[in-house]
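Trainee: Okay, here's the structure, questions in a sec.
The values are calculated or read from the model by the stated rules, or taken from the named source; none is laboratory data. Since this is a predicted model, take the numbers as computed values, not measurements. FYI the Cβ positions are ideal-geometry reconstructions off the backbone, even for glycines, and counts take in every protein chain you see. These accessible areas exclude ligands, DNA and RNA; they are computed on the full protein's heavy atoms, side chains included. Shrake-Rupley method; radii C 1.70, N 1.55, O 1.52, S 1.80 Å.
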Amino acid sequence: MKNEYIPKLARIVSIKEEVDGQRAIKTFRTQFVNKEDFSFKCGQSAMLSVLGKGESMISVSSSPLINDYLQFSILKSGRVTTALHEMEPGDVIGIRGPYGNGFPIEDWKGKNLIFIGGGIGLAPLWSIVQTAITKKEEYKDLLLIYGSRTSKDLVYKEELEELKKKMTIHLSVDNKEPDWKEFVGFVPNNVMDKKPLPENAIAVTCGPPVMIKFVIKALNDLGFKDDQIYTTVENKMKCGIGKCGRCNIGSHYICKNGPVYSWAVLKTLPQEY
Amino acid sequence: MQMILSKMNFSSWLKKLNSYRIFAPVKSGEVWSYELVEKPENIILDYPNTIIPPKKVLFPQREVLLEFESSSEQEIKLKEVIPEETPSVIFGIRSCDASGLAKLEKIFKGGFEDLYFSKRKNQTILVGLACNIPPSPDCFCTSVGGSPYSKDGLDILMTDMGDEYYVESVTEEGEKLIESAIGLFNDPEENVKKELEKIHLESEKKIKRYIKDIDKISSKLPEIFETEFWDKESLSCILCGICTYSCPVCHCFDINDEVICTFPLKGKRVRTWDNCQFPDFTMHSSGHNPRPDKASRLRQRIMHKFNYFNENCMELLCTGCGRCISKCPVGIDIVEVLEKVRVYEK
Ligand SMILES: Cc1cc2nc3c(=O)[nH]c(=O)nc-3n(C[C@H](O)[C@H](O)[C@H](O)COP(=O)(O)OP(=O)(O)OC[C@H]3O[C@@H](n4cnc5c(N)ncnc54)[C@H](O)[C@@H]3O)c2cc1C
Ligand code: SF4
Ligand code: FES
C-alpha cells in the first residue's frame, strides 16, 4: 500500500529565470533520482517539497508526452516558493502526486481550442498547448491569447516566439510600452478584440481570479456556452488528497475533484476561491 | 454474541487482554480523557463525557509523518515514520464517539488511503459503553441518526445493568475478545434481555436536546448561504477553535516541517490538528482569503457537517456528542443555530 505523504526525491536539472523582480518566476526541470512512475494528465499538479520548509502545490507545465523531465513554473511567493527560487541545478527536492482531475482533453478532439492565460496562469495551460501542438492532427485550430502586466512579466518569452510559427498567438500588456507592437489592455479586452468564434470550440482560461471572471463574461458575450468554457481554481492546499479539509468549495475538494472545472459546474458552487 | 459479565469479573477480563494496549477514560484533574492505561484493573467505567473524543488515539493531535536528513542540497535522506502495529483496545467509548470513528474511517480510508490512520484503526478494537444517563446535558445524538446505545462503529457494546454488564459483540473481532476470556461470561436470561431493552429505551428519553426536521435543515442550508444570518450567528466567536478540536469527526489538519538542526539539515514533517475557524486556515500566500470572516467560517463548519458531507457520503458529519456546545466559551450552540436555520426567513 502506497504512503501518499512520502515524496519521491527528484533532482533539479535546469532552472530558467522567466521574470525577475518583485514577482519573480522561474521554470524548473526535474528528474527523479530513482526511476518512478509519474504518469499524469494535462492540468494535474504535484506537491513539491523543500525539506525543512514545507510543500507547495504546483501545476506540471510540461506535456505528459515528455518522459525525461517534469517542468514547473513557479512564482516566488512565500516560504516554500522562495526556498525553491534559491535552489540551484543539482539540488534535490521532493515530489508527490500527480493530483487533481486534469483537463478532459480526450473529449476535445476535433475541436478548435482557445487558450486564454494571464501571468503565471500560462503554466497549467502550457502543458495542454504543448500536447495539442504535438498532436496537432487531433485538433482543429489552436489559438492562444496571453497577457501580463508588463512585457517583462510574460513567461516563456522565447518559446512563445517559436510557437508563433505553429499556431496563432495574441499577446498583450496592461499599459503602453515603447517597443510593444501587440495589444495594449487587459486580457478580457484582448479576447473581445480578437473575437474567437464559439462554433465547435472550447475555451480554457487560467490566471488571476479577476481576469478569469471577466474572460468568462467576454466569452459568454461572444456566444460561448458555459460548458464550452474551462478554468482552474486555486485554493490553499496541504494534503492534496482530500483529507486536510481546507481547499473545498462547497462539497468539492479542489485538490481531488478539481482544479479543472467547466464554468457550467463552477458557477453552481459557492464562490469560496 | 450476547453475554453477561459480572462487574467483579471486569478487571479479570482486562488482565486476560495483556497482549493488547488498553486505552480507557482516565481522570486527570477535573477532566476525563482517553489514555493508555498501565494498570487495567484501575479502569472504572463511570465517567461523564471525555474532554477530547477517542479520535485522538487513532488520529493524534500531533504526529510525525516522515523524518529527513541531509548533509548537502544534493543529498537527502527520507524516512517514513509509520505507526507500529500494536493491537489495542479502547474501552468505554460512547456511541456518538464510536459513530464518529466510523465516519473518520470513511474519510481517511476513502480515495487515497491514509496509512497513518488506517494502520492504527485496523489493529484497534472498539468497546463501547451505552449511556444509560446522557453523559452531557448537551447530548443530541438521537437528532442526527444516533442513539445512546448505537452499535455503529463498535466491535462490542457494553451496557451497565447495575451489578453486571450486558456485553454484545458486533463484529468478529469483538467476539474474539469475549471468547478469549469466555469463562468469565454467562449467558443472559430472557428477563435480562427485556431489562436491557427497557434501559435502552429509557436512556433515549433522557436526552434533553433535540433538532427538529434535520433533513429539511440540511437541504435548506444552501438557500441561506448568501444571507446575513451567518454574520449574526458568528458575531461572538473568539476563534478559539475548541469546537472543532473537541469534535469527534472534525479531521482537518496542517502539515509542517519542524527543523531540529539546520546544518546538517535534520528534521521532521509533522501533521497537527487544524481548524476551519482560524483565519489563516484558507489564506493564500498572496493574502487573499476565500473565507475571510467569522461568518464564512461558521458557515463552513455548519455546511460541512450538515450539507456537504451529506452530499458526498449520504450522512451527517455530526454525532450529537454536544462537546462544541458545552465547550464554546461564548455560547455558540449548534443545536440553536440549526433551529434558527429551520425558522429563518429571508
Ligand atoms: C492546483 C494548484 C496549482 C498551482 N500551480 C501553481 C503553479 O504552476 N505555479 C505557481 O507559482 N503557483 C501555483 N500554485 C500556487 C502555489 O501553490 C502557492 O503559491 C504556493 O503554495 C505558496 O507557497 P509558499 O510556501 O511559497 O507560501 P506561504 O504563504 O509561505 O504558504 C504556506 C503554505 O500554505 C500553502 N499555500 C499557501 N498559498 C497557497 C495557494 N495559493 N495555493 C495552494 N497552497 C497554498 C502551501 O502549502 C504553502 O507551503 C498552484 C496552486 C494550486 C492549488
Ligand atoms: S468554540 Fe465557540 S468561540 Fe471557539 S471557535 Fe468555536 S464557535 Fe468560535
Ligand atoms: S488540500 Fe487537503 S483537502 Fe484538499
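Trainee: What lysines does residue B:7 reach when the alpha-carbon gap must be under 19 Å and sequence neighbours fewer than 8 apart in one chain are set aside?
Mentor: B:15, B:16, B:39, B:193
Trainee: Aspartates and glutamates within cross-link reach of residue B:176: Cα-Cα under 18 Å, excluding same-chain residues under 8 positions apart?
Mentor: Within the straight-line limit of under 18 Å, residue B:176 reaches these aspartates and glutamates: B:155, B:168, B:187.
Trainee: Same structure, new question: Assigning unit charges at the beta carbon (Lys, Arg +1; Asp, Glu -1) and nothing else, what dipole magnitude in debye, to the nearest 20, does the stretch A:105-232 show about its Cα centre?
Mentor: Working: 18 positive and 19 negative charges, 24 e Å.
With only Lys, Arg, Asp and Glu charged at Cβ, the dipole is about 120 debye.
Trainee: For the stretch A:105-232, what log10 I(q)/I(0) values come out of the Debye formula at q = 0.14, 0.15 1/Å, with one point per alpha carbon and no solvent?
Mentor: Listed by q, the Debye log ratios stand at -0.55, -0.63.
Trainee: Another one. Any idea what log10 I(q)/I(0) is at q = 0.25 Å⁻¹ for the stretch A:192-273, Debye with uniform C-alpha scatterers and no solvent?
Mentor: Log-scaled intensity ratios, in q order: -1.18.
Trainee: Amide H of residue A:115 versus every other amide H placed in the peptide plane: which residues, excluding those fewer than 5 positions away on the same chain, fall under 5 Å?
Mentor: Under 5 Å from the amide H of residue A:115: A:143, A:144, A:145, A:204.
Trainee: How well do other chains shield peptide B:168-178, expressed as the mean number of their Cβ atoms within 10 Å of each residue Cβ? Working shown, then result.
Mentor: Working: counts 0, 0, 0, 0, 0, 0, 0, 0, 0, 0, 0.
Mean inter-chain Cβ contacts per residue within 10 Å come to 0.
Trainee: Based on alpha-carbon centroids, what's the gap between the stretch A:13-55 and the stretch B:1-60 in Å, whole number please?
Mentor: If you average the Cα positions of each part, the centres end up 48 Å apart.
Trainee: May I have the extent of the alpha carbons of chain B along their three principal axes, as whole Å values ordered from largest to smallest?
Mentor: Sorted from largest, the Cα extents of chain B read 67, 63, 38 Å.
Trainee: Once both axes come from the Cα atoms, what is the angle between helix A:122-134 and the longest principal axis of chain A, in degrees from 0 to 90, rounded to 10?
Mentor: Taking the Cα atoms of chain A, the angle to A:122-134 is about 80 degrees.
Trainee: Pop a pseudo-label 7 angstrom from the Cα along the beta-carbon direction at both residue A:200 and residue B:219 and give the gap in nm to one decimal.
Mentor: 4.4 nm
Trainee: Over the protein assembly as shown, with every protein chain in place, what whole percent of the accessible area is carbon and sulfur at 1.4 Å, could you tell me? Write down the numbers at each step before the final one.
Mentor: Numbers: 13650 of 27310 Å².
The nonpolar share, carbon plus sulfur, comes to 50 percent.
Trainee: Given a Förster distance of 22 angstrom, what is the FRET efficiency for residue A:134 paired with residue A:68, based on the Cβ-Cβ distance and rounded to 0.05? Intermediate results must be reported in sequence, preceding the final value.
Mentor: On the way: r = 15 Å, r/R0 = 0.67.
That pair, residue A:134 with residue A:68, gives E of 0.90.
Trainee: Provide the per residue accessible area, probe 1.4 Å, for the stretch A:8-99, rounded to a whole number of square angstrom.
Mentor: 42 Å²
Trainee: When Rg is the radius of gyration of the Cα atoms in the protein assembly as shown and Rh is its Kirkwood radius, what does Rg/Rh come to?
Mentor: With Rh from the inverse mean 1/r over Cα pairs, Rg/Rh is 1.04.
Trainee: Tell me the Rg and the Dmax, in Å, that the Cα atoms of chain A produce.
Mentor: When restricted to the Cα atoms of chain A, Rg and Dmax are 18.0, 59 Å.
Trainee: Could you work out the mean count of beta carbons from other protein chains within 10 Å of each residue's beta carbon in A:246-259? Intermediate values should be presented prior to the final figure.
Mentor: Details: counts 13, 2, 8, 2, 8, 10, 3, 3, 0, 1, 2, 1, 0, 0.
Partner Cβ neighbours, averaged per residue: 4.
Trainee: With a probe of 1.4 Å, find how much accessible area chain B has per residue, and write the answer as a whole number in Å².
Mentor: Values: 15710 Å² over 346 residues.
Per-residue accessible area for chain B comes out at 45 Å².
Trainee: Starting from the amide H of residue B:34, placed 1.01 Å from N in the peptide plane, find each other amide H under 5 Å away whose residue is 5 or more places distant or on another chain.
Mentor: Placed amide hydrogens put B:26, B:52 under 5 Å from residue B:34.
Trainee: Here's another thing I want to ask about it. Among A:119, A:223, A:207, which one shows the highest mean-square fluctuation when chain A is modelled as a Gaussian network with alpha-carbon springs under 10 Å?
Mentor: Per the Cα network of chain A with a 10 Å cutoff, A:223 tops the list.
Trainee: Over 18 Å between Cα atoms: which of B:106/B:220; A:2/A:243; A:236/B:55; A:76/A:236 fall into that group?
Mentor: B:106/B:220; A:236/B:55
Trainee: Stokes-Einstein D for the stretch B:205-319 at 20 °C, 1.002 mPa s, Kirkwood Rh over Cα pairs, in µm²/s? Kindly include the intermediate steps, with their values, before the conclusion.
Mentor: Details: Rh = 16.5 Å.
The calculation lands on 130 µm²/s.
Trainee: Using only the alpha-carbon atoms, how far is helix A:209-221 inclined from the longest principal axis of chain A? Give it as 0 to 90 degrees, nearest 10.
Mentor: Orientation of helix A:209-221: about 30 degrees from the principal axis.
Trainee: Hey, rough spin-label estimate for residue B:336 and residue B:236, points 7 angstrom out along Cα→Cβ, what's it come to in nanometres?
Mentor: Inter-label distance under the simple model: 0.5 nm.
Trainee: Separate question: List the trypsin sites (Lys or Arg not before Pro) within the stretch B:186-267 that fall in a DSSP loop (any state other than H, G, I, E or B) and whose Cβ has at most 13 other Cβ atoms within 10 Å. Display every interim value, and only then the final one.
Mentor: Values: sites: B:193, B:194, B:198, B:205, B:206, B:208, B:209, B:212, B:216, B:220, B:232, B:266; in loops: B:206, B:208, B:209, B:212.
Loop-located and lightly packed - B:206, B:208, B:212.
Trainee: As I understand it, the dipole of the stretch A:8-99 uses +1 on the Cβ of Lys and Arg and -1 on the Cβ of Asp and Glu, about the Cα centre. Which of A:49, A:28, A:83 lies farthest toward its positive end?
Mentor: Farthest towards the positive pole: A:49.
Trainee: Here is a further query. If the cut-off is 24 Å between C-alpha atoms, which lysines fall inside it for residue A:164, apart from same-chain ones fewer than 8 positions away?
Mentor: A:16, A:26, A:109, A:111, A:135, A:136, A:140, A:152, A:176, A:181, A:194, A:195
Trainee: What number do you get for the stretch B:1-141 when its Cα radius of gyration is normalised by 2.2 N^0.38 Å, N = residues?
Mentor: Details: Rg = 18.2 Å, N = 141, 2.2 N^0.38 = 14.4 Å.
It is 1.26.
Trainee: Would you mind telling me which residue in B:75, B:172, B:113 has the biggest mean-square fluctuation in a Gaussian network model of chain B, where springs connect alpha carbons within a distance under 10 angstrom?
Mentor: Taking springs between Cα atoms under 10 Å, the residue moving most is B:75.
Trainee: Evaluate the charge dipole of chain A about its Cα centre and quote only its size in Debye, nearest 20, assuming +1 on the Cβ of each Lys and Arg and -1 on the Cβ of each Asp and Glu.
Mentor: Details: 37 positive and 32 negative charges, 108 e Å.
Once rounded to the nearest 20, the dipole reads 520 debye.
Trainee: When you look at the Cβ of every residue in B:275-286, what mean number of other chain Cβ atoms sits within 10 Å? Working shown, then result.
Mentor: Working: counts 2, 3, 0, 0, 0, 2, 5, 8, 2, 7, 10, 5.
Shielding by partners across B:275-286 averages 4.
Trainee: Could you give me the radius of gyration and the Dmax of the stretch A:8-99, taking only the C-alpha atoms into account and expressing both in angstrom?
Mentor: When restricted to Cα atoms, the stretch A:8-99 yields Rg and Dmax of 12.1, 36 Å.
Trainee: Related question: What order, most packed first, do the peptides B:223-231, B:61-69, B:248-256 have when packing is the mean number of other Cβ atoms within 10 Å of each residue?
Mentor: The densest-packed peptide leads the list: B:248-256, B:61-69, B:223-231.
Trainee: Mean Kyte-Doolittle hydropathy of 1.0 or higher plus an axial Cα length of 27 Å or more: which whole DSSP H helices in chain B meet both?
Mentor: Working: long enough: none.
Helix filter hits for chain B: none.
Trainee: Based on C-alpha coordinates, I'd like the Rg and Dmax of the stretch B:268-329, in Å.
Mentor: Cα-based Rg and Dmax for the stretch B:268-329 come out at 13.9, 38 Å.
Trainee: Could you give the nm distance between label points at residue B:189 and residue B:263, where each point is 7 Å from its Cα heading toward the beta carbon?
Mentor: Placing both labels 7 Å along Cα→Cβ, they lie 8.0 nm apart.
Trainee: While we're looking at this one, here's another question. Each residue of the stretch B:265-281 in turn: what ³J(HN,Hα) in whole Hz from Karplus with 6.51, -1.76, 1.60 and θ = phi - 60°, glycine and Pro shown as x?
Mentor: Karplus-based 3J(HN,Hα) across the stretch B:265-281 equals 4, 8, x, 9, 9, 10, 10, 10, 4, 10, 8, 5, 8, 8, x, 7, 4 Hz.
Trainee: Right, here's the next one. Using only protein heavy atoms and a 1.4 angstrom probe, determine the accessible area buried between B and A, summed over both sides, in Å² to the nearest 100.
Mentor: Details: alone 17500 and 13500 Å², together 27310 Å².
Chains B and A together bury roughly 3700 Å² of accessible area.
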